[in-house]
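Worksheet for the structure shown next.
The values are calculated or read from the model by the stated rules, or taken from the named source; none is laboratory data. Since this is a predicted model, take the numbers as computed values, not measurements. We place every Cβ from the backbone using ideal geometry, glycine too, and count neighbours over all the protein chains shown. SASA here: full protein model, heavy atoms, side chains in, ligands and nucleic acids out. Shrake-Rupley method; radii C 1.70, N 1.55, O 1.52, S 1.80 Å.
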Amino acid sequence: MALKKTVSINVSGQDVEFADAYIRVAHINASKHHANAQIDVMTAPDGNVIKRDNVSFEPTMDSNFITQAYQKMKTVPEYQGATDC
């Protein structure tokens, strides 16, 4: 599972746009009370990481943490409008 979205990143004072950037959960640290997911934004599924981000959420025990991380990502303004790929 991953998401895709056009992402703009500031590089040396200029915005650089990456169409259909590949956004994936790279790592999760979680307990039953708190979870933190490391997000990698990449140029393509096998491309370079252009940005790293973190998303925190309070997990539930009724589904896996990775699915919950993607659901949370879609509520964060930066990733709203991202589509499943």
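Scanning region 1-40 for residues that are among the small types (G, A, S), in contact with a Phe, Trp or Tyr (Cβ under 8 Å, 6 or more places away or on another chain) and farther than 18 Å from D84 by Cα turns up S8, A30, A35. Of the strands (runs of 3 or more DSSP E) contained entirely in the chain, those carrying at least 2 residues that are in contact with a helix residue (DSSP H, G or I) (Cβ under 6 Å, 6 or more places away or on another chain) fall at 14-30, 35-42, 49-57. Among the residues making up region 30-55, those that are farther than 13 Å from D20 by Cα and open to solvent by less than 70 Å² (accessible area, probe 1.4 Å) are A30, S31, A35, N36, A37, Q38, I39, D40, V49, K51, D53, V55.
The single condition among (1) free of Cβ contacts under 8 Å to residues at least 40 places away in the same chain; (2) open to solvent by 50 Å² or more (accessible area, probe 1.4 Å); (3) out of contact with any His (no Cβ under 7 Å at 6 or more places or on another chain) that E58 does not meet is (3). Figure legend. Inter-residue proximity from region 1-28: first residues more than 30 Å from P59 (Cβ to Cβ), second residues of a type in the set (A, V, I, L, M) and crowded, with 17+ Cβ neighbours inside 10 Å, beta-carbon distance below 8 Å, spacing 6+ or different chains. Indicated pairs: E17/V7.
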